[in-house]
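Reviewing the structure listed below.
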Amino acid sequence: MKLFQKISSAVTACALTISMTAGSSMALLSSVKAADQSAIDIVNAMGMGWNLGNTFDCHSTRGWTTDTETAWGNPTTTQDMISAIKASGFDSVRIPITWYENLADTSTYDIDDAYLARIKEVVDYAYANDMYVIINMHWDWISDGSLWLNQGMNALPQYQTMWTEIANYFKDYDSHLVFESMNEVTFEYDVLNNFNQSFVDLVRKSGGNNENRLLLLAGKNDDLAQTCTDSYVVPDDNMVAVSIHYYTPSTFCVANIDSTWGHAETWGTETEIQDLYNNFNKMKATFVDKGIPVIVGEYGVLTQEKDQKNKDDVVKYLKTVASTALAIDGISAYLWDAGNAGDMQFFDRKNLTWFRSDIQNMYKDLKANGSNLSFNYSSTKEVTIPLASYKDENGYTVNIAGYGANGEKLEKVILNGKLTGEEAAGYGIGFSATRGGQSGQWTSETASLTADGTGTAVFDGIFSGENGDEAYEFEFNYLQIQNWWGGTADLESVTLVFDKEITTVTVEEGVVKPPTPTEPETPAPTEPETSAPTEPETTAPTDHDTTAQTEHDTTAS
């Protein structure tokens, strides 16, 4: 079980690093380097992770403050804050960082020494707790196109200069420190692959412990479907991991009541949970099974009252993500937490308590007892999915991102149901695809449900459009089923037929038991010492259920 591998890895990790005090000026290192651990070993040892969100990742602040760290409303990060996170069951901290507003010289791209020193200080807070740390380049691009990284390949020289400075600054830190190349960039695949390869090359050349440091590579938009594809190329290096963010389904995780593309207040049906297992299995099959671990750098759910998310389902979702990651060898997941200033608020950094004690206790329990999930894998060419929980105002939208992980293609989609009116009901069945070199293009085929209760759409990899026939590549993301003509029907399920066998996953829940201990040597009996019992100390509870104290319109992830 992964739990015990993690315990073993954690023991090894403790031996690697000499624990520091909060005030230490430099990480003290042993002679053991990351080369003595595999990339999967390190990711297992990273355990459950937490994001120091809406802090060093703040951007667009220079017009009104010089303090990036507190610009969006969070307090200054402290050693006590990170220690409280450790005490809540987390073994890792991800520090999202935006660098461009903290340059000493914009012409040379030299990073301000004081800013580097402050980042180092917070990294040391985590080291003092024997925690793993991820530092990245977070919002050095944003969608308005004004920042340097939006220049694509033209930005590569600045990217290389800045990462070389960062890598050199931290090169003596041991394997507890992980570098992450970028965050949620929307580059085309050739540009993204080029940047990730350049990132690996420059870090390795910087020497020190960077020669074997674990490097986290940005996925395409850090999206599961866009990253788990042959177009995404992982550099040939045995100490890299892939970054994927998990806010699925988006209608529950990130959609508010005003979202035009859907809003869900609840989560946790049998089908929704199976979707999550399938998606994690897709990450496993695409990367982990090939020796490349996955770090789910962000996951979470909106927490504001105005977003109307069912509180019990929020806990259920967070627990399912965290326990699934814990159960799969080679995957670690990091809770996105905006702190006191954002729309996903979990830990109150001002008072060093959790806004909801049930969420804190859930993570503490996972840390103490591990995941109780056991995954079983089997192969099949056909998968039947009940449709009841996928119905929406447009028909049915089925999450199929967890299928087709190893290049399998759909051959057929079979609808199963009963006619309620005419002799036949016509349906359009479509999904996104890469067509004509463009990702996310709509591709569809039709099926006619007849009296026998079935209707079949055949997918031949050719799209017939206004510009003639175009070949397409499948993007396993969302399958949409809509009633286009004729009568209506009550659809019960959809069967996906692939061109070759795919791996499916089933999950069993049970109590994880520790391994049988070896028989200890029995020492000679000694006379026990006796002493008067002492009164146990009592401590007032520190957790409380409150709503977030600070409203903030900025969504940063």
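Just a few scattered comments:
- Residue selected from region 451-471 under the condition in a strand (DSSP E or B) and among the aliphatic types (A, V, I, L, M), by the criterion surrounded by the most Cβ atoms within 10 Å (Cβ to Cβ): Ala457
- Beta carbons closer than 9 Å, at least 6 apart along the sequence or on distinct chains, pair a first residue in region 194-213 that is more than 15 Å from Val242 (Cα to Cα) with a second that is acidic (Asp, Glu) and assigned to a helix (DSSP H, G or I) for Val203/Glu211; Arg204/Glu211; Lys205/Glu211; Asn212/Asp36.
- Residue in region 342-354 that is part of a helix (DSSP H, G or I) and among the β-branched types (Val, Ile, Thr) present: no
- Here Thr76 passes the criteria (1) closer than 21 Å to Asn351 by Cα; (2) buried (at least 17 other Cβ atoms within 10 Å of the Cβ) except the one numbered (2).
- Meets criteria (under 25 Å from Thr397 (Cβ atoms) and assigned to a helix (DSSP H, G or I)) for Thr266: no
- Filtered residues of region 425-443 (kept if without any contact (Cβ under 8 Å) to a residue 24 or more places away in the chain and surrounded by 14 or more Cβ atoms within 10 Å (Cβ to Cβ)): none
- Restricting Asp174, Asp236 to those that are in a loop (DSSP other than H, G, I, E, B), surrounded by 20 or more Cβ atoms within 10 Å (Cβ to Cβ) and either modelled with pLDDT of 95 or more or within 14 Å of the chain's Cα centre (by Cα) (or both) reduces the list to Asp174.
- Looking at Val301, Val315, just one residue is within 15 Å of Ile359 (Cα to Cα) and either assigned to a helix (DSSP H, G or I) or not aliphatic (A, V, I, L, M) (or both), and that residue is Val315.
- Residue check, Asn154 out of contact with any strand residue (DSSP E or B) (no Cβ under 8 Å at 6 or more places or on another chain) and without any contact (Cβ under 8 Å) to a residue 24 or more places away in the chain: yes
- Residues being at positive phi and either assigned to a strand (DSSP E or B) or crowded, with 19+ Cβ neighbours inside 10 Å (or both) - total across region 400-416: 1
- When each of Ser107, Ser83 is tested for being part of a helix (DSSP H, G or I) and either free of Cβ contacts under 8 Å to residues at least 60 places away in the same chain or assigned by TED's automatic domain parsing to the domain that holds Phe179 (or both), the lone residue that passes is Ser83.
- Selection count where residues are in a helix (DSSP H, G or I), surrounded by fewer than 22 Cβ atoms within 10 Å (Cβ to Cβ) and under 23 Å from the mean Cα position of the chain (by Cα), scope region 199-224: 2
- Within region 241-278, restricting attention to residues that are in contact (Cβ under 8 Å) with a residue 40 or more places away in the chain, hydrophobic (A, V, I, L, M, F, W, C) and surrounded by fewer than 18 Cβ atoms within 10 Å (Cβ to Cβ), the residue that is nearest to Ala388 (Cα to Cα) is Ile273.
For every residue, the table says whether it meets (1) assigned by TED's automatic domain parsing to the domain that holds Ser389; (2) of a type in the set (Gly, Ala, Ser); (3) at pLDDT 90 or above; (4) assigned to a loop (DSSP other than H, G, I, E, B).
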residue: Glu473; (1), (2), (3), (4): yes, no, no, no
residue: Ile481; (1), (2), (3), (4): yes, no, yes, no
residue: Trp484; (1), (2), (3), (4): yes, no, yes, no
residue: Asp499; (1), (2), (3), (4): yes, no, yes, no
residue: Ile502; (1), (2), (3), (4): yes, no, no, no
residue: Glu521; (1), (2), (3), (4): no, no, no, yes
residue: Glu529; (1), (2), (3), (4): no, no, no, yes
residue: Glu535; (1), (2), (3), (4): no, no, no, yes
residue: Thr539; (1), (2), (3), (4): no, no, no, yes
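- Test result for Thr506, under 30 Å from Leu373 (Cβ atoms), of a type in the set (Val, Ile, Thr) and touching a residue at least 12 places away in the same chain (Cβ under 8 Å): yes
The values are calculated or read from the model by the stated rules, or taken from the named source; none is laboratory data. None of the values given here were measured: they were computed from a predicted structure. Counting neighbours? That spans all protein chains shown, and the Cβs are built from the backbone with ideal geometry, glycine included.
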